[in-house]
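Structure, as structure tokens:
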Amino acid sequence: MIMKTDEQDSNPSFVLRAIKDVAFEDRAVPKLRDEHDVRIHIAQTGICGSDVHYWQRGRIGDFILNSPIVLGHESSGTVVEVGSAVKNVKVGQRVAVEPGVPCRFCGYCRSGQYNLCNDTIFAATPPWDGTLSKYYIVASDYTYPIPDHMNMEEGALVEPVAVAVQITKVADLRANQTVVVFGCGPIGVLCQAVAKAYGASRVIGVDAVQSRLDFASSFGADDVFLPPKPESGVDPIEHAERVAALLKEKFNLGEGPDVVLECTGAEPCIQTGVFVTKKGGTYVQAGMGKEVVAFPITTACIRALNIKGSIRYTTGCYPAAVDLVASGKIDVKRLITNRFKFEEAEQAFELVKAGKQDVFKVVIEGVQ
Amino acid sequence: MAEKNPSFVLEKAGSVYYEDRPVPELKSPYDVLINVKFTGICGSDVHYWVDGAIGSFVVKQPMVLGHESSGIVHSVGSSVTSLKPGDRVAMEPGVPCRRCVRCKEGKYNLCAHMAFAATPPYDGTLAKYYSLPEDFCYKLPEHLSLEEGALVEPLSVGVHIVKQAAVRPGDSVIVFGAGPVGLLCCAVAKAFGASKIVTVDINEERMAFAQKYAATHAFRSQRESAADSGARLIRDCDLGLGADVIIDASGAEICIQTAIHALRVGGTYVQGGMGKNEITFPIMAMCTKELNVKGSFRYSSGDYQLAVDLLASGRISVKELITGKVSFKEAEKAFTDVKAGKGIKMLIEGVED
């Protein structure tokens, strides 16, 4: 399983060949496809729940693993080759990589919603290869220089920060608003930090695991909340309403927070989230769990809630994310709990899969 | 292909000539080659013809004129999926870079690298053939003629202006200027559900036409201050506390000033017309009335398709705006007529086969 590197340049890659079947392969060094492409020597790659999901289940929604793909999509690296029309980066520049390049021609792309493009080439979403290779090819306008004082691990964490930036954009977060974030995993705590950086007056993090709440308190949340478990026999909806009332009371949220960011995908959190949002407020679904849940739709109607979905990122998210990290407003280094060498990639995935409480963000070093 | 590409070229201000140029090559597998059939003329075309420049856009080398065109697809690149030879299309003449921030946020009309037909240094559409990417060609349904297809461009300008103005059903709208763009703004405002549409112009004929076409009221200007004119507009047209939306399609200073006074508090003003670079503007009224003041430039995502759909559904008609047609060989005559203010829209036919 450990590949030998040749004297000649090669492209060692960590490949998902089939469900639960990963291996290292030596692939060809990729070539630039056109004059706008750049080739990146990947430096660091973070692991996301979706990577683990493809590995274990082989599909997310309509994206089905039908042929081997290289894994990974949260990366940073150094530009080693540029196409003739490239102006925004130079060889030697260190960049954060935006892993989804849309078609640029369809209605979504042309109207500023490129995250919805049907023909997006997204790293490690079947059938497209990801970034866990020595080299990765991407259009230059999807790479973002990072300043000298940002290291490559921080560069790799720009991707989840960009996800959090998009979530707050969708929420149309304004200064001095109150925000409740369900979930204190990486996305949840980053949403809390972004909301704070963007002027929220009060950010409350909710989670079922105390250690995660403890971290969230030290990161971006002003307050944290551990919801009580339902007593046996209690209707889950009634329980969700009770938890919502508790939340509002405990943190003096009046009629409720202006904004709720749902970053768990867990049905009880979704229900509580709808019940807690103030009238006319905004609820954003960012977390992914069961595809179909029991949703308090009449509450949503009567309280005139704005309910929106958020997926990936749009124009401006990556530059905003780089700025949030570079300026020190969000210290992403604190999210990294485990580091692995490229050859240990499979162990890294196993660790994320095991879901231990003390494991938060795992990064894999690139091929040296 | 030995076939040539007869083109109508502006050499410099005041001097035009015909030239056989090479047939354009498809630069990308997503491109199509179109046999241009009809081209309308716009004030900007006339401006380049007369002055050789608009602002910082200067004609430094000979340039093919024309940008308001329709045509028939001649050949398609290998990756084209939605068009085939023989398809009749309205042509969107400005292709953006697709990579910059403006493009990716959905405002491709503001792309700094826009390649726009007949804006220097890019050649226009008054040639036998013109190439465009697939997504900048819009199929015309059977019941729309190619002549109407050539009007899709100015109609799209009107669509974009009315969208900038965010006209909502029930709104009262005033449009200053009853030239082609002003008329089309009235028509789009009507299609968007405006309950009252006032046309304003100094030309009686144009105003009468506008009232038959899409406006509900006409307003005759007099020699008076802009504030008085604005107040009179509100009274004469029963605009209550003032108009919800005013669009300027004239560029005339007095119209712009009058508009600010004719709007209700919180109303919206959109500058579509182009006149003097700098004017005297009632900025205190704009401030204290908390007006939304916006510019509008060309068209962007969704505008062309909406224009075609509005025509296809019959909610807007453009046939009555076509007041003259000349053959390709008589193109210069069309420019002369438009400069003299004759008619509404003159079309130049494509090169005969």
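The values are calculated or read from the model by the stated rules, or taken from the named source; none is laboratory data. Just so we're clear, the structure is a prediction, and the values are computed from it rather than from any experiment. Methodologically, a virtual Cβ is constructed for each residue, glycine included, from the backbone with ideal geometry; neighbour enumeration extends over all protein chains shown.
Among the residues of segment A:154-169, is there at least one that is of a type in the set (Val, Ile, Thr), touching a strand residue (DSSP E or B) at 6+ places or on another chain (Cβ under 9 Å) and in a loop (DSSP other than H, G, I, E, B)?
no
Has segment A:218-230 got at least one residue that is under 30 Å from A:Tyr114 (Cα atoms) and more than 14 Å from every other protein chain (Cβ to nearest Cβ)?
The answer is yes; a qualifying residue exists.
Select the helices (runs of 4 or more DSSP H) contained entirely in segment A:290-368, then report the ones holding at least 1 residues which are outside the structural domain of A:Leu132 (by TED's automatic domain parsing) and at pLDDT 95 or above.
A:297-302, A:317-326
Just one of B:Ile34, B:Ile72 is surrounded by fewer than 22 Cβ atoms within 10 Å (Cβ to Cβ), under 23 Å from the mean Cα position of the chain (by Cα) and among the aliphatic types (A, V, I, L, M); which is it?
B:Ile72
Sort out which residues of segment A:289-318 are of a type in the set (D, E, K, R) and either surrounded by 16 or more Cβ atoms within 10 Å (Cβ to Cβ) or within 14 Å of chain B (Cβ to nearest Cβ) (or both), and write them in order of number.
Selection gives A:Arg303, A:Arg312.
Checking B:Ser172 against (1) away from chain A (no Cβ under 14 Å); (2) of a type in the set (Ser, Thr, Tyr); (3) within 14 Å of the chain's Cα centre (by Cα), which test does it fail?
Answer for B:Ser172: the failing condition is (3).
Please go through (1) over 15 Å from the mean Cα position of the chain (by Cα); (2) among the hydrophobic types (A, V, I, L, M, F, W, C); (3) not assigned by TED's automatic domain parsing to the domain that holds B:His261 for B:Ala118 and return the number of the only condition it doesn't satisfy.
The number of the failed condition is (1).
For segment A:105-135, how many residues meet the condition of being surrounded by 19 or more Cβ atoms within 10 Å (Cβ to Cβ) and without any contact (Cβ under 8 Å) to a residue 12 or more places away in the chain?
3
Taking the stated definitions as given, is A:Lys248 exposed (fewer than 15 other Cβ atoms within 10 Å of the Cβ), free of Cβ contacts under 8 Å to residues at least 60 places away in the same chain and assigned by TED's automatic domain parsing to the domain that holds A:Tyr198?
No, not satisfied.
Quick check on segment A:105-133: of everything there that is among the aromatic types (Phe, Trp, Tyr) and within 13 Å of another protein chain (Cβ to nearest Cβ), which residue is farthest from B:Cys137 (Cα to Cα)?
A:Tyr114
Considering only residues of segment B:233-274 that are in a strand (DSSP E or B) and of a type outside the set (A, V, I, L, M), which is farthest from B:Gln164 (Cα to Cα)?
Looking at residues that are in a strand (DSSP E or B) and of a type outside the set (A, V, I, L, M), I get B:Arg264.
Tell me whether segment B:85-104 contains one or more residues that are surrounded by fewer than 22 Cβ atoms within 10 Å (Cβ to Cβ), aliphatic (A, V, I, L, M), within 14 Å of chain A (Cβ to nearest Cβ) and touching a Leu at 6+ places or on another chain (Cβ under 9 Å).
yes
Could you tell me how many of the residues in segment B:275-318 are assigned to a helix (DSSP H, G or I) and either closer than 13 Å to B:Leu184 by Cβ or within 14 Å of chain A (Cβ to nearest Cβ) (or both)?
9
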